[in-house]
Amino acid sequence: MSWFKREDSGIRIDASKTVRTEGLWTKCGNCGTALFKQQLVDNLQVCPKCGKHFRLDARARIDNLLEPGYEFFEGRLYSTDPLNFTDLKPYKQRLSEAQKKTGLFDAIVNATGHIGPHPIVISVMEYAFIGGSMGAVVGETIARAIDRATETRTPLVIISASGGARMMEGIASLMQLAKISTALARLASLGIPYISILTDPTTGGVTASFAMLGDLNIAEPGALIGFAGPRVIEQTIRQKLPEGFQRSEFILEHGFLDAIVERKNMKAYLQQSLSWLTESK
């Protein structure tokens, strides 16, 4: 059974897409400040008052991190709905709506380019596409990014933003955990650096696989990181969780992250990290 296909026409990646919400103003969910949306765009979707990191779409992340002249690749795979799944609405309808909303075929974007002088392969998840969930297309696209990095001996960066495995594809989605982890093992055996960046949210099967397998695991401030969500855990253990549980600061304190880096500093941090990782090879 084929779980995905390649499309040669139709939706095209547009690196110019940024904010897709209506109206000129929004409210910071952390400090309550009324913010002009263009102000947020100019500040990389970070509240200028309290520093809350709003979600940023995949193409904007690539545009902010890579030098001009980067190239997208493997962006035209799409799901075949292997289970013919329907819940409140057919999965095919969900896919169609998400494709129109984001301009992508699925919740992932790959590119090759440079961060400073360093060539990289980068794979970035798109949360706006069905919660950044990982189905067969996402898994295959990330695996192809890892293969590209392996073949060209180029450092790999993966930016996660996901609710986990995509339930509408059942076992096909769960298989992606093993496929991606195996590809990363081949990359590691060659000593090729892999940097994982965890953003809000990074949960479920993504956290349980490639998001925590980096040579360097970095998170943005305040990002929700975990397997099951806090509400599910509280209901299971019937205890109140600590303040800030599963936020990046809590995860760093307990040894599961190497660093927390603000978005405005991420490019410089990656450039320095790539210098360390490549000079040591």
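Taking the Cα centre of the chain as origin and charging only Cβ (+1 Lys, Arg; -1 Asp, Glu), how large is the dipole, in debye to the nearest 20? Walk me through the intermediate numbers first.
Working: 32 positive and 29 negative charges, 106 e Å.
The dipole of the chain has a size of about 520 debye.
Which percentage, to the nearest 5, of the DSSP beta bridges contained in the chain is antiparallel? Walk me through the numbers on the way to the answer.
Details: 20 of 38 bridges.
Looking only at bridges with both residues in the chain, the antiparallel portion is about 55 percent.
Distance from a point 7 Å along Cα→Cβ of residue 234 to each backbone N in the stretch 242-275: keep the residues under 16 Å and list them by number.
Answer for the stretch 242-275: 242-247.
Between residue 189 and residue 275, what's the calculated FRET efficiency when r is the beta-carbon distance and R0 is 22 Å? Round to 0.05. Please list the in-between numbers first.
On the way: r = 23 Å, r/R0 = 1.03.
Given R0 = 22 Å and the Cβ-Cβ separation, E is 0.45.
Have a look at 29, 164, 51 and tell me which one the Gaussian network model of the chain (Cα, springs below 10 Å) gives the largest fluctuation.
29
Please arrange 212, 134 by how many other C-beta atoms lie within 10 Å of their C-beta, fewest to most. Each step should come with its number before you reach the end.
Working: 212 17, 134 32.
Final ranking by Cβ density, sparse to dense: 212, 134.
With only Lys, Arg, Asp and Glu charged, each at its Cβ (+1 for the first two, -1 for the last two), find how big the charge dipole of the stretch 67-220 is about the Cα centre; round to the nearest 20 debye.
In total the dipole reaches around 280 debye.
Add +1 for every Lys or Arg and -1 for every Asp or Glu among the other residues with Cβ under 11 Å from the Cβ of residue 186, and state the total.
Values: positive: none; negative: 147, 151.
Once all neighbours under 11 Å are counted, the net charge is -2.
Which pairs break 31 Å Cα to Cα here: 101/264; 37/267; 27/240; 27/179? Show your work: numbers first, answer last.
Working: 101/264 27 Å; 37/267 23 Å; 27/240 29 Å; 27/179 40 Å.
Those over the limit are 27/179.
Would you be so kind as to identify all helices of the chain, as entire DSSP H runs, whose Cα atoms reach 20 Å or more along the helix's own axis and whose mean Kyte-Doolittle hydropathy is at least 0.5?
Details: long enough: 136-152 (24 Å, 0.15); 170-189 (30 Å, 0.98); 263-279 (25 Å, -0.92).
Going by DSSP H runs, the hits are 170-189.
Give the range of the longest stretch in the chain that excludes all GluC sites (Glu not before Pro) found in loop regions by DSSP and having at most 14 other beta-carbon atoms within 10 Å.
On the way: sites that count: 7, 22, 243, 262.
No qualifying site falls inside 23-242, the longest such stretch.
Could you give the length gained by full extension between residue 63 and residue 152, i.e. 0.36 nm per residue of separation minus their alpha carbon distance, to one decimal place?
Working: separation 89, 0.36 × 89 = 32.04 nm, distance 2.20 nm.
My answer for the length gained is 29.8 nm.
We did not get these values from a lab; they are worked out from the coordinates using the rules stated. Values in this document were obtained by computation on a predicted structure and should not be read as measured data. Backbone-built Cβ (ideal geometry, glycine too); neighbour counts: all protein chains shown.
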